[in-house]
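S.K.: Encoded as C-alpha cells, here's the structure I'll be asking about.
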Ligand code: ADP
Ligand code: ZN
C-alpha cells in the first residue's frame, strides 16, 4: 500500500481558495514540488493546476481526507512555474480584486500547443539567424571576421539537425557580442546628463520617471540602459501600450540586439508564446511587447521599461484580471529586484503624484535631439468655416491649402480621426431614425470592405449586419452622419489626387503584415498622407512628417468622465509631437466646432505644463479624485433592466452602510453606452480615501459584493474594476 501525499493547488478559475489534492507515491515516484503542474478534476472538468504547497498533510486533514480527490496525473512537458510568477499573480490579484487563478489563466491560456509547432518555430528562428550570418559572411571584408561568422553559422547548422535544441546561453552570448552591428549608442550631452540622473535614482532602488519632450530621444536612453543590463547578464522587458508602436521599435531595437529580441503581444498564438518561453529559458533576452508580455515566465530581469506610461491602453477592461500594465510592471520589477523606468512626454497624474511624495524619482529632458522647435498650432472653427462656404466635406479650405503646401515642399501629412469605419452613424432622411445594434445601446457604423461590399458593424459587440441602405423603420434612405477614417481616406484621395494615401486603424491593422507595410511605407516616404485613429498619434518617429491635423476633434471631448479633457489634451500633445521631429518646424492643425474649449487653450500654450498640472492636481485634491483617492467601479450587468435597477440600488445602499464614512459611493448610474451584447449595465463608483483604512475598506467592498452576489442568487454579473480608465 502506497502512502497518499497531499498538495494544494491553484486553478485557472475565479476561485477564492486553493483546493487540496492527493497523489500516491506509486502514481508519481518522483516527488512533486511547488510550481509543478498537475492535471486535476474540479467541478466535473479537467484543469491544469499549479502546485502551491506540498506536504500539506495537516492542512488537508483539517478539511477532511475523505473529501480530497486524487490528482489525475502530472502535466507532462509543461514548464515549472517560478515563484516570481506566482508572486506576481498574487500581487496583481490582491490589488485588482480578482483571484490569482484568473491571472494564471491570463498568463497561461488553455489550449494545446503541439510540440511539433514549437519545434518548427525554434527551427525558423535558427534559420533566420543562419541567413543573417550568411549575409555577413558574404559582406565580411576581413578574413578573421569572416572565419568567426562561419564558425558561428556552423554551430547553428549543427543545431538545425536536432530541432528543438536551443542555443546555450554562452554560445548565444558569444554570438550576440560579435553579432552587434556597428550601432553603438552615443548620447547627446543632455541625454547623458539625464542618463546619469536615472542611474542614480535606479541605484537607490526607486522607480524612475523620465519626462522628456517628444523627440528628446527617450528611446535612445532606454536602449543604452538595456545594453548595459544585458552586458551584466540580466534580461530586459520593454513595454509599449500598443502593438502598432512596437512595429517601428522592433526595427530600431533589432539594430542593437538582433539575437536577444523577443516580440510578444496579447492575441499571440500559443505556439508563439511557447517559443518566447523557450527563448527566455535558454538565452539572454529583451522582450518587447504590450501589457501581456508581463505575464511571460520572466527570468533574471534586470530592467523593466514602460514607455508612454500614461497611455490608457495599458489598462485591461475585460475580462479579469483588470490590471494596469504600468502598475503591474512595478510589481514585477520589485519581485525580480529589477530597475524600472517609466517614460512619457506627458506623464500620468498618478506618476507625477508619486514623484511629488518621493516614491518615484523624476528626471526631465527638455531638449529635442534634433533641436527642432515646438510646432505651430492652428485651431480652425468648422462652424464658422461652414457658414463661409469654407468646408469641402470634412476638410476646411484652410487645411486643404496647408496640406497642398506641405506636399509641394515634399513633406508628409498625418490626419487623425478618432472614429474608424466609413461612417460612424447613419440616419434616416425621412423619419430621423438612427439604426442601432439590437443588443447594444449603440449606433451601427457603416464599413465598406475592400471588395466594395458594405456592412453595418456594432463597435461594442462586434455584430455584423448586411447593409441595405434603407431605414429599418420606414424604409426611407439612410445618410451618413459624419465621416470615419475610411471616408476621410476617400475624401483625401479625391482632394489630393497626386498623393499616396495610407490608413492605420484597428480595421486596417488587423493583418500584421499590412500594418507593418503601412508604417514602414510612411517611414520611408512612399506614403504621403497617413489617415488613422489615435494610433497615428502614438510614439512613432517619422522624420518627414511636417503637418499633422485632427479632423473632427470634437469627438475627443465631452465624454462624461472627469478625465476626458486631460486625455484629450494628452492625445493632442502627443500627436503634435509626431511632426517636425528633425530640424524643420512642424505645423499642427485642429478642426473643431468648439474652438474656445479649455483643452485648446492649454494646447496653444496659455498655460505651461507645470501650471496646468498643478491646477489639475489641486482640482483632483478638492474633489477627492485620484491620485488622492482610489476609484473602484462596481459594474453590474443584467439582461433584465428592471431587475438591474433594483439590484444596483440595493447594493449601493448596502455599500454606503458597510463602508467607512469617508468613502464616497456614487451611483448607481448608467455609463454612456448602457447596454452591450444584450446586457444592461449600471456602475456604482466607489472613491476610497488613501488613508490607513484603504486596505480594510477594499477588503470590505470585495466581501460585501461577494455576499450580495452569492447570497441573493443574483443571476446578473458583478465585477470590480480597480483604477478604471
Ligand atoms: P522620443 O522617444 O523621446 O520621442 P526618440 O527616441 O524617438 O524620441 O528620438 C527622436 C529622434 O532622434 C529619433 O529619430 C532618434 O533616432 C534620434 N536620436 C535621439 N537620440 C539620438 C542619439 N543619441 N543618437 C542618434 N540619434 C538619436
Ligand atoms: Zn452590439
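None of the figures in this text is laboratory data; all of them are computed from the coordinates on show. Only a predicted model underlies this, so the values are computations on that prediction, with no experimental measurement involved. With ideal geometry, Cβ positions are generated from the backbone for all residues, glycine too; neighbour counts draw on all protein chains shown.
S.K.: Take residue 137 and residue 593, extend 7 Å from each Cα along the Cα→Cβ direction, and tell me the distance between the two endpoints in nm.
M.R.: If labels sit at residue 137 and residue 593, their model points lie 6.6 nm apart.
S.K.: Could you work out how much longer the chain between residue 622 and residue 465 gets when fully extended? Use 0.36 nm per residue separation minus the Cα distance between them, nm to one decimal. Provide the component values of the computation, followed by the final result.
M.R.: Numbers: separation 157, 0.36 × 157 = 56.52 nm, distance 4.73 nm.
Stretched fully, the residue 622-residue 465 segment lengthens by 51.8 nm.
S.K.: If each residue of separation counts as 0.36 nm, what is the full-extension length gain between residue 192 and residue 438 once their alpha-carbon separation is subtracted? Walk me through the numbers on the way to the answer.
M.R.: Values: separation 246, 0.36 × 246 = 88.56 nm, distance 5.77 nm.
So the chain would gain 82.8 nm between residue 192 and residue 438.
S.K.: Then there is this: Need one number: nm distance between label points at residue 694 and residue 477, each 7 Å from Cα along Cα→Cβ, rounded to one decimal.
M.R.: Distance between label points: 6.0 nm.
S.K.: Give the peptides 6-12, 152-158 in descending order of average Cβ contacts within 10 Å, highest first.
M.R.: Answer by packing, highest mean first, reads 6-12, 152-158.
S.K.: Return the percentage of antiparallel bridges among DSSP beta bridges fully within the chain, rounded to the nearest 5 %. Walk me through the numbers before you get to the answer.
M.R.: On the way: 55 of 106 bridges.
If I count the DSSP bridges inside the chain, around 50 percent turn out antiparallel.
S.K.: Once you place label points 7 Å from the Cα toward the Cβ at residue 715 and residue 231, how far apart are they in nm?
M.R.: Distance between the two pseudo-spin positions: 6.6 nm.
S.K.: Tell me, how many Å apart are the Cα centres for region 672-725 and for region 14-40?
M.R.: Rounded to whole Å, the Cα centres lie 33 Å apart.
S.K.: Could I ask something else about it? Efficiency by 1/(1 + (r/R0)^6): what FRET value for residue 124 and residue 150, r their Cβ-Cβ distance, R0 = 25 Å, to the nearest 0.05?
M.R.: Values: r = 22 Å, r/R0 = 0.87.
E between residue 124 and residue 150, to the nearest 0.05, is 0.70.
S.K.: Taking the Cα centroid of region 408-470 and of region 275-291, what is the distance between the two, rounded to the nearest whole Å?
M.R.: One Cα centre to the other: 39 Å.
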